[in-house]
Amino acid sequence: MRRAPLTLLPLVALISACGQGGDTRQNESSTQNGPASGSATIAKTYEGPKPEGVSSPNDVFTRTYYIPAAASSDMYEIEAGKLALKRGTRPEVKAFAQQMIEDHGKTTKALSAFVASHPVNVAIPSHMDARHQAMMENLENSTAKEFDKVYIGQQAAAHQEALNLHKSYASNGDDKALSAVAKSTAGVVEHHAAAVHKLEQTLGAGHSTAG
């Protein structure tokens, strides 16, 4: 039975409410309701929750916002990747998921190392934020037949938002050393975004998944 569509409206409402938090953000215009710039035009067949915390690669915010947001993004990518390894049906989807686990494990270590060695007074969160958790729940509730498309649709939206996050802090961050970490992570995420775009085209070209 398809359960995911029944939960989309409350999940989207949850994301919209959470996306208006973050009082450390300096660019208030980026907290508008609706999809983040970029995510509205990608993943066209995916209508579930999307991360909408950063609307463009030119937003301005402090490390107090960046560190937890980057950590949550990594946690989501790793957990979603693990789920895709278990439930994904197409080999290329599983290969992508494995790469997400490995690469975001590395970016998690880089961010954690920075926090441990610099007096930033910002802790790495132990759990992903409500926006990413809503995406995980949507992914968990997807059927076997639709799982691959839901996962890749989420990945397209998530990598657009993550790219905006890291590029913004790399260019406008309030900590030069942390901006260097963001710049390095942005390069990794940009590579992922290109890969997921190819997968979107593959899965959207009429290829069916095993049910």
Using +1 on the beta carbon of Lys and Arg, -1 on that of Asp and Glu, and nothing else charged, what's the dipole of the range 76-186 about the Cα centre, debye to 20? 260
Working out 0.36 nm times the residue gap between Ala177 and Lys198, then minus their Cα-Cα distance, what length gain in nm do you get to one decimal? 4.3 nm
With the other protein chains left in place, how much accessible area per residue, in square angstrom, belongs to the range 100-211 at a 1.4 angstrom probe? 44
Accessible surface of the range 106-211 [probe 1.4 Å, protein heavy atoms]: carbon and sulfur percent: 54
Using the Cα centre of the range 70-122 as the reference point, and only Cβ charges (+1 on K/R, -1 on D/E), how large is the resulting charge dipole? Debye, rounded to the nearest 20. 220
Can you sort Val189, Val115 by 1.4 Å-probe accessible area, starting with the largest? Val115, Val189
Listed pairs Lys149/Lys176; Lys86/Lys109; Lys86/Lys167; Lys106/Lys167; Lys82/Lys145; Lys109/Lys149 exceeding 27 Å between Cα atoms: Lys149/Lys176; Lys86/Lys167; Lys109/Lys149
Residue-wise HN-Hα coupling along the range 81-97, computed from phi with Karplus coefficients 6.51, -1.76, 1.60 (Hz; x: Gly, Pro): x, 4, 5, 5, 5, 7, 10, x, 10, 9, x, 5, 5, 5, 5, 5, 4
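The values are calculated or read from the model by the stated rules, or taken from the named source; none is laboratory data. Keep in mind that this is a model prediction, so the values were computed, not measured. FYI the Cβ positions are ideal-geometry reconstructions off the backbone, even for glycines, and counts take in every protein chain you see. The protein model used for the area step is the full one, side chains on, heavy atoms only, and it has no ligands, DNA or RNA in it. Shrake-Rupley method; radii C 1.70, N 1.55, O 1.52, S 1.80 Å.
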